[in-house]
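One structure below.
The values are calculated or read from the model by the stated rules, or taken from the named source; none is laboratory data. Because the structure is predicted, anything quoted here is derived from the model rather than measured. Here the Cβ is made from the backbone with ideal geometry for all residues, glycine too, and neighbour counts use every protein chain on show. Only protein heavy atoms, including side chains, enter the accessible area calculation; ligands, DNA and RNA are left aside. Shrake-Rupley method; radii C 1.70, N 1.55, O 1.52, S 1.80 Å.
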Amino acid sequence: MPRAVQASNDFYLLYRQWQPYEWPEDVPADTEVSRSQRGLGWRRQVGAGELGVNYDYQPLRIRTGDPAHNGHLHRLTFGGLWQHQLYRIEARAGFAGTSNMFKHQAFHGDVLNGRVAIFRAVREGSSLSLGIGGDHRFGSFRWLPRVRWEYAGDNGHWLMDLPVLLRWQSPVKRWELQLERKGDRWATLDAAREVEGALYLREWRAELTYRINTRERLWPEVVLGIGMSVGTRVRYRDLEAGTQDLRLGDALLGSVRLNW
């Protein structure tokens with residue numbers, strides 16, 4: 001007889017706010033770039049696998065030049081992870097674009113997006129895995145070798161996924177410290193819906209989070225976070241100046257997440 005599979009559901013709401021980014025020195029100071037994020041998602045764990053759906057909306061307000069987009073970035077993805085013997089697969093796919101693209105249903109090829117990573121443990125029972133991953137974390141889509149190491153002990157849970165992630169969780173998961181490479185692509189359209197393009201946003205994000213309470217009945221688990229985005233860069237098309245690849249700099253951030 002097949003053994004029973006344990007399943008759990010998890011739903012979350014997220015809000016994250018950055019302090020305004022300072023524009024390059026040759027642009028007037030009143031053109032600061034503001035950024036925030038609203039997100040929600042659902043996850044289901046089954047055995048050694050996981051499936052999920054995630055949506056987020058990020059207003060990235062660039063108030064200089066003539067960007068061929070409105071800065072309202074939407075992203076909807078589906079995916080999960082699967083483990084079988086020595087192998088682990090992480091994958092997601094979905095749609096990412098500006099609001100006018102979805103409002104007028106004027107899509108082009110860049111709206112389709114995704115990422116994938118495949119790992120193989122060096123031997124059975126080993127905490128070290130080697131693999132390869134493809135995504136937009138460093139700009140245009142590229143494949144990079146990956147090294148994954150995981151360890152749980154008296155001082156907490158450690159996860160290293162080079163070159164994109166370092167994470168530590170306290171023994172009861174009350175505290176979490178994470179450094180992660182973030183980056184993705186959104187399809188864009190100008191106001192007249194004639195110029196098709198893409199916006200690339202990438203950064204190193206360090207964040208410390210604290211869980212205030214555990215989940216009981218209908219009350220959510222509250223997670224507060226504080227951190228910093230370092231070396232944030234944005235690449236997009238300006239109708240007057242051409243393709244721009246600019247460093248927005250560093251910014252503090254805060255977040256609130258509710259888990260059910």
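Placing +1 at every Lys and Arg Cβ and -1 at every Asp and Glu Cβ, with all other atoms neutral, what dipole size does the range 126-260 have around its Cα centre, in debye to the nearest 20? Each step should come with its number before you reach the end.
Working: 21 positive and 18 negative charges, 66 e Å.
The calculated dipole for the range 126-260 is roughly 320 debye.
With the chain treated as a Gaussian network of Cα nodes joined by springs under 10 Å, which of GLY52, GLY153, GLY71 yields the largest mean-square fluctuation?
GLY153
Could you state how much accessible area HIS74 has, in square angstrom rounded to the nearest 10, with a 1.4 Å probe and all protein chains kept in place?
Accessible surface of HIS74 is approximately 40 Å².
Tell me the Rg and the Dmax, in Å, that the Cα atoms of the chain produce.
19.8, 70
At a 10 angstrom cut-off on C-beta neighbours, averaged per residue, how do the peptides 76-85, 94-103 rank from highest to lowest? Before the final figure, lay out the partial values.
Details: 76-85: 14.8, 94-103: 19.6.
Those peptides, ordered most packed to least, come out 94-103, 76-85.
Restricting to DSSP H runs of at least four residues, report the calculated mean residue ellipticity at 222 nm for the chain, -39500 (n - 2.57) per run over all residues, nearest 500 deg cm²/dmol.
It comes out at -500 deg cm²/dmol, rounded to the nearest 500.
Report the accessible area of TYR210, computed with a 1.4 Å probe over the heavy atoms of all protein chains in place, in Å² rounded to the nearest 10.
80
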